[in-house]
Amino acid sequence: MKSMKSPFPRSVYIRNAEIYKLMANPKRLEILNILKWQELSVEALTKMLKLRKANVSQHLALLRHARAVTVRRSGLNAYYSIADPRLVEPCRILRELWKNN
């Protein structure tokens with residue numbers, strides 16, 4: 001019998017696990033899904049999510065550190081967008097799977 005080889009290097013699994021842990025928070029998932037469609041300021045996200053600005057800023061900092069979101073500064077304002085919309089594809093896929101069961 002021929003030995004099987006893992007489809008990806010170990011480093012890919014480590015990086016993916018870090019992203020999955022980050023995205024395991026429902027508010028961060030919601031932020032990413034919102035930012036998939038439009039660039040928004042912290043203030044706009046705060047109003048949409050009905051959270052304190054400090055909480056939204058903390059979530060955005062974690063997402064920014066993981067390079068899941070990008071920030072554009074304009075004067076005193078910071079505008080966030082998703083780094084790559086494909087990041088939230090698992091959310092759509094899982095929703096469809098649960099909907100059919």
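Every listed requirement among (1) in contact (Cβ under 8 Å) with a residue 60 or more places away in the chain; (2) open to solvent by 80 Å² or more (accessible area, probe 1.4 Å) is met by LYS53 save one, (1). Number of residues in region 43-55 that are within 21 Å of LYS21 (Cβ to Cβ), in a helix (DSSP H, G or I) and aliphatic (A, V, I, L, M): the value is 1.
Mind listing whichever residues of region 1-27 are in a helix (DSSP H, G or I) and without any contact (Cβ under 8 Å) to a residue 40 or more places away in the chain? First the steps, then the outcome.
Here is the first cut: in region 1-27, the ones in a helix (DSSP H, G or I) are 10-23, 26-27.
Those that are in a helix (DSSP H, G or I) and without any contact (Cβ under 8 Å) to a residue 40 or more places away in the chain: ARG10, SER11, VAL12, TYR13, ILE14, ARG15, ASN16, ALA17, TYR20, LYS21, PRO26, LYS27.
If only one of ARG67, ARG73 is open to solvent by 50 Å² or more (accessible area, probe 1.4 Å) and part of a loop (DSSP other than H, G, I, E, B), which one is it? Result of the check over ARG67, ARG73: ARG67. The set of residues in region 8-29 that are open to solvent by less than 80 Å² (accessible area, probe 1.4 Å), closer than 16 Å to ARG64 by Cβ and not aliphatic (A, V, I, L, M) comprises ASN25, LYS27, ARG28. Check region 82-97 and report whether any residue there is open to solvent by less than 50 Å² (accessible area, probe 1.4 Å), assigned to a helix (DSSP H, G or I), in contact with a Lys or Arg (Cβ under 7 Å, 6 or more places away or on another chain) and modelled with pLDDT of 95 or more. So far as region 82-97 goes, no, none of its residues is open to solvent by less than 50 Å² (accessible area, probe 1.4 Å), assigned to a helix (DSSP H, G or I), in contact with a Lys or Arg (Cβ under 7 Å, 6 or more places away or on another chain) and modelled with pLDDT of 95 or more.
Remark: pairs (first residue in region 65-83, under 20 Å from ARG28 (Cβ atoms); second residue in a strand (DSSP E or B) and open to solvent by 70 Å² or more (accessible area, probe 1.4 Å); Cβ separation under 6 Å; 6+ apart in sequence or on different chains) = TYR79/ARG72. When the criteria are applied in full, GLN58 meets the requirement of being under 17 Å from the mean Cα position of the chain (by Cα) and part of a helix (DSSP H, G or I).
The values are calculated or read from the model by the stated rules, or taken from the named source; none is laboratory data. What you see is a predicted model, and the numbers here were worked out from it, not measured in a lab. Neighbour counts are summed over all protein chains in view; Cβ atoms, including those assigned to glycine, are modelled from backbone coordinates with ideal geometry. These area figures cover heavy atoms from the full protein model, side chains too; ligands, DNA and RNA do not enter into them. Shrake-Rupley method; radii C 1.70, N 1.55, O 1.52, S 1.80 Å.
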